[in-house]
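I have placed the structure first, in the form of structure tokens, so that the comments after it can refer back to it.
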Amino acid sequence: MPKEALVSHGEPTVTQEVAATLPDGRRVTRWTIGSPEGVTAEVLSLGARLQALYAPDRDGRRENVVLGCDRVEDLLGEAAHLGATVGRYANRIAHGLAPVDGTTHRLATQAGGHTLHGGPDGFATRLWDGVPVREGRRAGVRLRLHSPDGDQGFPGTLCAEVTYLLDPAGELRIGYRATTDAPTVVNLTHHAYFNLAGEGSGAVLDHSLRVEASGYLPVDGELIPIGPIASVAGTPFDLREAAVIGERVVDADPQIGRAGGGFDHNWVLDGNGLRRVAVLSHPAGGRRVECLTTEPGLQVYTGNHFDGSLTGRSGRPYRAYAGIALETQHFPDSPNRPEYPSTVLRPGEEFRSTTVYRFSAE
């Protein structure tokens, strides 16, 4: 089906097309948001996901720098979280138990008995409604989802919204909003896996990462936080100065082993408000992405468990360390940890969160 130009006055532009059809006959829409500076994003209505993002290197060569799959079977299954908007609750809730105002709600769980990323049928597998939008020089798409009371065991009817906006300079801004009609817990995030050498190009072990965080959350063998915030000082989690990822994931620290030979941990970010919290770079090609957020935490996952069973849009299988996720969010298992920042949302309140990925080449 030919692409239909929806926003053509000024730059960047937004086009839309039918990308796929679900087993029940519903159509999946793809929006392509283009920038004259060379950054282009593709967003799918299935999972409100970033399916691709093309960015130039220092020589102007454009490559897709996020992992993604084309087959609907993959997007509804093993690849469900690649690039998706994750909710109702990103990360893990221990044993699927979420206390809210004295009532413990039993949530849907996955293998292992915990609730991960909102449950087995979380927001990543849903078809969102989307419309093109423009705000100043930014253009993009706004997607909405209605989550009924009891969805995956969560209380309250939740109305969720995510907006992707791209500006001419290569800045992708993701804004989240949500409201509820009963007290519930909300923790939305974006789950792109970045490979700044290009999707399907191999491991990200040669990438450099900096995270503005003095603390992190150690985890048990099932990746549930085990207690209070720990200092990163003297550990492989100290990324206050940029470090090569491959040098950290081979560290003998037991926490690295618990995550399967890499990072799958929440960093407790320094500062407040919208601020820069991480920088990922690929020295060989010069691509760089800065991550800014209003959130208190950043889950860094180095794709330790990719095993070649998924094939990306490049036609190449994803193996260990094929990409790195920088998931801005509240802390895992916060409903069971009153000492962590609260994730409770009440009627009359509005959940708001902003994350920015700023792309450049050096």
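Determine if segment 127-146 includes at least one residue that is over 16 Å from the mean Cα position of the chain (by Cα), over 27 Å from LEU53 (Cβ atoms) and either at pLDDT 95 or above or in a loop (DSSP other than H, G, I, E, B) (or both). Yes, because at least one residue in segment 127-146 is over 16 Å from the mean Cα position of the chain (by Cα), over 27 Å from LEU53 (Cβ atoms) and either at pLDDT 95 or above or in a loop (DSSP other than H, G, I, E, B) (or both).
A quick yes/no check of all residues on (1) in a strand (DSSP E or B); (2) under 16 Å from the mean Cα position of the chain (by Cα):
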| residue | (1), (2) |
| --- | --- |
| GLY257 | no, no |
| VAL268 | yes, no |
| LEU280 | yes, yes |
| ARG288 | yes, no |
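Scanning segment 167-217 for residues that are touching a Pro at 6+ places or on another chain (Cβ under 7 Å), surrounded by fewer than 22 Cβ atoms within 10 Å (Cβ to Cβ), farther than 21 Å from GLY119 by Cβ and modelled with pLDDT of 95 or more gives a single hit, SER208.
Could you check ALA233 against (1) assigned to a loop (DSSP other than H, G, I, E, B); (2) aliphatic (A, V, I, L, M); (3) farther than 23 Å from ALA79 by Cβ; (4) touching a residue at least 24 places away in the same chain (Cβ under 8 Å) and say which number it fails? Failing condition for ALA233: (4).
Selection over segment 96-147 of residues that are more than 29 Å from VAL39 (Cα to Cα), aliphatic (A, V, I, L, M) and either touching a residue at least 24 places away in the same chain (Cβ under 8 Å) or buried (at least 17 other Cβ atoms within 10 Å of the Cβ) (or both) gives a count of 6.
Just checking, does segment 100-107 include any residue being of a type in the set (A, V, I, L, M, F, W, C) and out of contact with any Gly (no Cβ under 6 Å at 6 or more places or on another chain)? So far as segment 100-107 goes, yes, one or more of its residues are of a type in the set (A, V, I, L, M, F, W, C) and out of contact with any Gly (no Cβ under 6 Å at 6 or more places or on another chain).
Within segment 166-186, none of the residues are under 27 Å from ARG240 (Cα atoms) and in contact with a helix residue (DSSP H, G or I) (Cβ under 8 Å, 6 or more places away or on another chain).
With respect to (1) touching a helix residue (DSSP H, G or I) at 6+ places or on another chain (Cβ under 7 Å); (2) not in a loop (DSSP other than H, G, I, E, B), the lone exception for GLY113 is condition (2). If you go through segment 294-324 and keep only what is out of contact with any Asp or Glu (no Cβ under 9 Å at 6 or more places or on another chain), outside any loop (DSSP other than H, G, I, E, B) and crowded, with 18+ Cβ neighbours inside 10 Å, you end up with just ILE324.
Of the strands (runs of 3 or more DSSP E) lying entirely inside segment 16-94, those containing at least 1 residues that are at pLDDT 95 or above, under 18 Å from LEU143 (Cα atoms) and in contact with a strand residue (DSSP E or B) (Cβ under 8 Å, 6 or more places away or on another chain) are 27-34, 40-44, 49-56.
Can you tell me which of (1) touching a His at 6+ places or on another chain (Cβ under 9 Å); (2) on the phi < 0 side of the Ramachandran plot is the one GLU290 doesn't meet? (1) is the only condition that GLU290 fails. Regarding ARG248, is this residue more than 30 Å from PRO155 (Cβ to Cβ), surrounded by fewer than 23 Cβ atoms within 10 Å (Cβ to Cβ), of a type in the set (Lys, Arg) and touching an Asp or Glu at 6+ places or on another chain (Cβ under 9 Å)? In short, no. Of all positions in segment 273-293, at least one carries a residue that is basic (Lys, Arg), in contact with a Leu (Cβ under 6 Å, 6 or more places away or on another chain) and crowded, with 16+ Cβ neighbours inside 10 Å. Contact annotation: residue pairs with Cβ atoms under 6 Å, 6 or more positions apart or on different chains, pairing a residue in segment 62-73 that is over 20 Å from ARG358 (Cβ atoms) with a partner that is of a type in the set (D, E, K, R) and assigned to a loop (DSSP other than H, G, I, E, B), are GLY68/ARG313; ASP70/ARG313.
The values are calculated or read from the model by the stated rules, or taken from the named source; none is laboratory data. Keep in mind that this is a model prediction, so the values were computed, not measured. Using ideal geometry, Cβ is built from the backbone for each residue, glycine included, and neighbour counts are taken over all protein chains shown.
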